[in-house]
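> This structure is in structure tokens; I'll ask about it shortly.
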Amino acid sequence: MKRPTHRCGSLSEDDVGKRVVLAGWVQTVRDLGGVVFVDLRDRAGVVQVVFNPEVAPSAHEVSQTVRSEYVLQVEGVVRRRSPETVNPKIHTGTIEVLAEELEILNESKTPPFPIEDEIDTAENLRLRYRYLDLRRPRMTRNLLTRHRVASSIRKYLEEEGFVEVETPFLTRSTPEGARDYLVPSRIQPGRFYALPQSPQLFKQLLMVAGLDRYYQIVKCFRDEDLRRDRQPEFTQVDLEMTFVEEADVQALSEGMFQRLFHEVLGLELQVPFPRLTYEEALDRYGTDKPDLRFDLTLVDLTEVFRETQFQLFARAVKEGGMVKALPLKGEAKMPRSELDRMQGEENLKRHYGIQTGARGVAWIKVQAEAWQGPVARALSPQEKEEIQRRCGLEPGDLVLFVAGQKGMVNATLDLLRTHFGRKLGLLEEGTYRFVWVTEFPLLEYDPDEGRYTAMHHPFTAPRPEDVPLLSTEPDKVRARAYDLVLNGNEIGGGSIRNHRLDVQMKVFQALGISLEEAEEKFRFLLEALQYGAPPHGGIAFGFDRIVMLLAGAETIRDVIAFPKTQRAACLLTEAPAEVDPRQLEELWIRILPK
RNA sequence: GGGGUCGUAGUUAAGCCAGGUGAUAACGCCGGCCUGUCACGCCGGAGGCCGCCGGUUCAAAUCCGGUCGACCCCGCCA
């Protein structure tokens with residue numbers, strides 16, 4: 001076998017006249033009886049190879065036996081195509097390689113699906129033959145994009161003085177957070193390691209160690225249910241810095257994305273990114289990860305309806321809930337049939353995928369002469385005036401209302417806002433809208449557990465002025481936490497951490513973690529905080545999600561070489577699999593019957 | 001744990017609601033012809049336990065029950 005001198009897809013008119021050796025896979029064969037054309041593909045693209053019986057009889061003869069996905073080595077001369085045979089559809093369409101020698105390096109079975117971008121093949125088949133799926137140019141490109149993103153981030157962080165430090169995968173399970181993946185210890189029967197959900201505590205310890213600026217592009221593991229943008233093992237860009245406050249981490253992050261977008265997409269990002277507090281985000285968008293590519297905003301009308309005669313709204317307000325509206329400019333033309341599809345839980349689920357507990361969506365059509373819709377009749381003139389003012393309504397507008405408990409109202413309107421943002425074509429493709437969401441609550445009440453849990457994680461620092469509230473009104477305490485949201489996707493989150501033992505202990509106390517429990521689970525951290533722990537903070541980015549957005553992929557799976565299915569299985573290797581009973585015995589594990 | 005969509009040649013789909021004739025098409029595959037194609041073309045051909053198990057029926061791809069698998073969503077994901 002000779003070494004290839006060029007990549008097929010990288011040849012250009014600059015190479016005309018050169019003698020080249022290529023190796024690649026057969027994309028297509030066009031056997032015209034005399035002359036045979038083979039499109040040869042490698043990771044860079046395809047080039048047309050010509051086998052002419054008058055030029056190279058033996059190569060031509062072999063070329064007639066070639067099939068899809070055979071692996072070939074071709075030696076020949078690059079030449080310019082005559083004008084009428086140029087193919088503008090491929091990058092190398094102005095040239096071709098006139099073959100002189102051909103060797104079949106390997107044959108191939110007929111692939112189960114075509115190796116090309118526009119296929120309509122079931123994903124499970126693609127996953128089972130992932131190595132073939134990854135030969136498709138789009139998938140190859142996704143992996144190359146992933147590599148470039150990682151490379152760009154590494155360069156940036158290194159230039160900013162960050163040190164890459166590896167942290168253990170075999171570590172201990174800590175309470176709070178996601179379900180752990182456990183690894184049994186053979187040497188210590190009955191004990192288990194946990195795979196890290198993130199290197200959180202280790203990076204904090206590295207700050208205590210004085211490393212000052214740490215980063216890692218690292219796998220994390222969470223045993224939770226999968227989604228389009230969630231995998232049980234995923235990659236984080238994890239970083240931590242000492243002697244910083246929120247703004248420092250944010251500015252560093254903005255610089256990272258500026259560079260990334262410049263290098264990978266050729267786009268210049270405007271910084272600083274806009275900021276929204278958690279409260280503003282929920283108020284205006286109904287979610288803490290708003291998609292700012294369209295500027296539909298929600299309007300809180302709870303106060304307008306405090307004394308209303310309209311019973312549905314009145315009851316919601318009286319029961320401590322809220323009434324919020326989503327005004328839609330110029331949508332009074334929306335057909336009644338569509339509005340009817342928003343009535344009843346069953347309809348909302350079926351037509352909008354809304355399963356928030358909302359029973360229906362009230363609506364008003366604003367017309368020049370009168371307001372239309374069942375709700376309109378029940379409203380007083382003052383109420384109408386107030387709604388018009390707050391929503392900025394003009395004739396031709398449509399207003400959707402949801403009333404009830406706060407969480408349900410926001411969740412429902414978030415989904416409706418996103419639905420109509422897309423459906424009404426308000427979404428500019430190819431735009432990237434970043435936003436920082438700040439001032440998250442430190443804690444949230446978990447009715448199932450009957451206690452407060454950390455919204456971000458238990459090591460997040462409260463805002464200093466809120467510390468006294470920890471023991472009195474825990475849900476009013478704001479955290480020094482921040483999320484980075486891009487086009488409605490949470491792509492990163494971080495915080496300033498507790499570097500002082502007394503504050504950390506107060507947070508544990510608010511979380512209902514006893515002194516004994518804290519000692520047992522976090523002894524190493526609590527000790528470290530007593531040996532000169534510097535103020536520090538950081539952030540972790542969802543690397544796969546970032547690549548997904550940059551690559552324009554529909555799912556995180558399309559930017560991961562070997563992803564898992566929704567049931568957390570690898571269809572290629574058939575993991576998870578049963579193991580030999582002797583392996584279990586060594587690990588002191590017995591499987592319970594179902 | 002829950003809601004939804006889907007499963008028929010290698011692939012993608014039609015047929016299923018209203019059970020009954022050799023289960024249909026396109027692409028792919030195989031063979032033949034063809035010296036400038038690039039969605040090559042033309043001629044011919046092969047290919048199916050209709051996901052699996054069970055039930056109803058004279059008769060099941062079609063109706064019913066279960067099961068397995070893929071995807072989307074809710075819960076969950078600090």
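Every read-out reported here was derived from the displayed coordinates using simple, explicitly stated rules and does not represent laboratory data. None of the values given here were measured: they were computed from a predicted structure. So basically every Cβ, Gly included, is an ideal-geometry build from the backbone, and we count neighbours across all protein chains shown.
> In whole Å, what is the distance between the alpha-carbon centres of region A:54-124 and region A:164-230?
Here the two parts' Cα centres lie 47 Å apart.
> Ignoring everything except DSSP H segments at least 4 long, calculate the 222 nm mean residue ellipticity for chain A; use -39,500 (n - 2.57) per segment, divide by total residues, nearest 500.
-8500 deg cm²/dmol
> Hey, another quick one. Quick one: plug the Kirkwood hydrodynamic radius of region A:135-176 (C-alpha pairs) into Stokes-Einstein at 4 °C, 1.567 mPa s, and report D in µm²/s. Don't skip to the end; give the middle numbers.
Numbers: Rh = 13.3 Å.
The diffusion coefficient I find is 97 µm²/s.
> Compute the distance from the alpha-carbon center of region A:362-402 to that of region A:412-454, in whole Å.
The distance from the Cα centre of region A:362-402 to that of region A:412-454 comes to 26 Å.
> Here is a further query. If you take the Cα atoms of region A:212-325, find Rg, then find the Kirkwood Rh from the mean of 1/r over all pairs, what is Rg/Rh?
So for region A:212-325, dividing Rg by the Kirkwood Rh gives 1.12.
> In what sequence, highest mean first, do A:521-532, A:37-48 appear when ranked by Cβ atoms within 10 angstrom?
A:37-48, A:521-532
> Which residues' amide hydrogens lie under 5 Å from the amide hydrogen of A:ILE491, considering only partners 5 or more residues apart or on another chain, with H built in the peptide plane?
Answer set, sorted by chain and number: A:LEU484, A:VAL485, A:LEU486.
> Which net charge results when you count Lys and Arg as +1 and Asp and Glu as -1 among the other residues whose beta-carbon is under 15 Å from that of A:LEU105?
On the way: positive: A:LYS2, A:ARG3, A:ARG41, A:ARG67; negative: A:ASP42, A:GLU69, A:GLU75, A:GLU101, A:GLU103, A:GLU107.
In short, -2.
> Which whole-number percent gives the relative contact order of region A:294-427, counting Cα pairs below 8 Å spaced six or more residues apart?
Rounded, it is 35 percent for region A:294-427.
> Select from chain A the helices, each a whole stretch of DSSP H, whose alpha-carbon atoms run 20 Å or more along the helix axis and whose Kyte-Doolittle mean is at least -0.5; answer none if there are none.
What comes out of the filter, once short or polar helices are dropped, is A:246-265, A:406-423.
> Still on this structure, please answer the following. 5 Å is the cut-off here: which amide hydrogens, built 1.01 Å from N in the peptide plane, fall below it relative to A:TYR452, excluding neighbours closer than 5 in sequence?
Amide H to amide H, under 5 Å and 5 or more residues apart or across chains, A:TYR452 pairs with A:ASP446.
> By the gyration tensor of its Cα atoms, with a ≥ b ≥ c the square roots of the eigenvalues, what is the shape of region A:480-594: rounded for a/c under 1.5, prolate for a/b over b/c, or oblate?
oblate
> So what are the ³J(HN,Hα) numbers for region A:488-493, from phi and the Karplus equation (6.51, -1.76, 1.60; θ = phi - 60°), rounded to whole Hz, Gly and Pro as x?
x, 10, 6, 10, x, x
> Please report Rg over Rh for region A:294-427, where both radii come from the alpha carbon positions and Rh follows the Kirkwood definition. Before the final figure, lay out each step's value.
Details: Rg = 13.7 Å, Rh = 14.8 Å.
Ratio value, two decimals: 0.93.
> Could I ask something else about it? Express the Stokes-Einstein translational diffusion coefficient of region A:8-106 in µm² s⁻¹, to the nearest whole number, given a Kirkwood radius over alpha-carbon pairs, 37 °C and a viscosity of 0.692 mPa s. Each step should come with its number before you reach the end.
On the way: Rh = 13.0 Å.
Once the numbers are plugged in, D ends up at 252 µm²/s.
> Could you work out the Kirkwood radius for region A:367-505, taking every pair of different alpha carbons, averaging 1/r and inverting it, reported in Å?
It works out to 19.0 Å.
> So in chain A, what percent of DSSP beta bridges are antiparallel if you round to the nearest 5?
Taking every DSSP beta bridge within chain A, about 95 percent pair in antiparallel fashion.
> Could you rank the peptides A:182-193, A:466-477, A:398-409, A:287-298 by their average count of other C-beta atoms within 10 Å per residue, with the highest value first?
The peptides rank, most packed first, as A:398-409, A:287-298, A:466-477, A:182-193.
> Along its three principal axes, how long is chain A when you only count alpha carbons? Whole Å, largest extent first please.
Over chain A, Cα extents along the principal axes are 93, 74, 54 Å.
> Okay, moving on. In a shell of Cβ-Cβ distance under 11 Å around A:PRO535, excluding A:PRO535 itself, what net charge do Lys and Arg (+1) and Asp and Glu (-1) give?
+1
> May I pose another question? With θ set to phi - 60° and the Karplus curve 6.51 cos²θ - 1.76 cosθ + 1.60, what are the ³J(HN,Hα) couplings of region A:70-76 in order, to the nearest whole Hz, using x for Gly and Pro?
Per residue, the Karplus-derived 3J(HN,Hα) values read 4, 9, 10, 10, 10, 10, x Hz.
> What relative contact order, as a whole-number percentage, does chain A give when Cα pairs under 8 Å and 6 or more residues apart are counted?
Answer for chain A is 13 percent.
> Here is a follow-up. So who's got an amide H within less than 5 Å of the one on A:ALA194, skipping anything under 5 residues away but keeping other chains? H placed 1.01 Å off N, in plane.
Hits under the 5 Å cutoff: A:THR171, A:ARG172, A:SER173, A:VAL183.
> Over the alpha-carbon set of region A:63-193, divide Rg by the Kirkwood Rh and report the Rg/Rh ratio to two decimals.
Radius of gyration relative to Kirkwood radius: 1.17.
> Could you order the peptides A:534-543, A:25-34 from most to least packed, using the average number of other C-beta atoms within 10 Å per residue?
A:534-543, A:25-34
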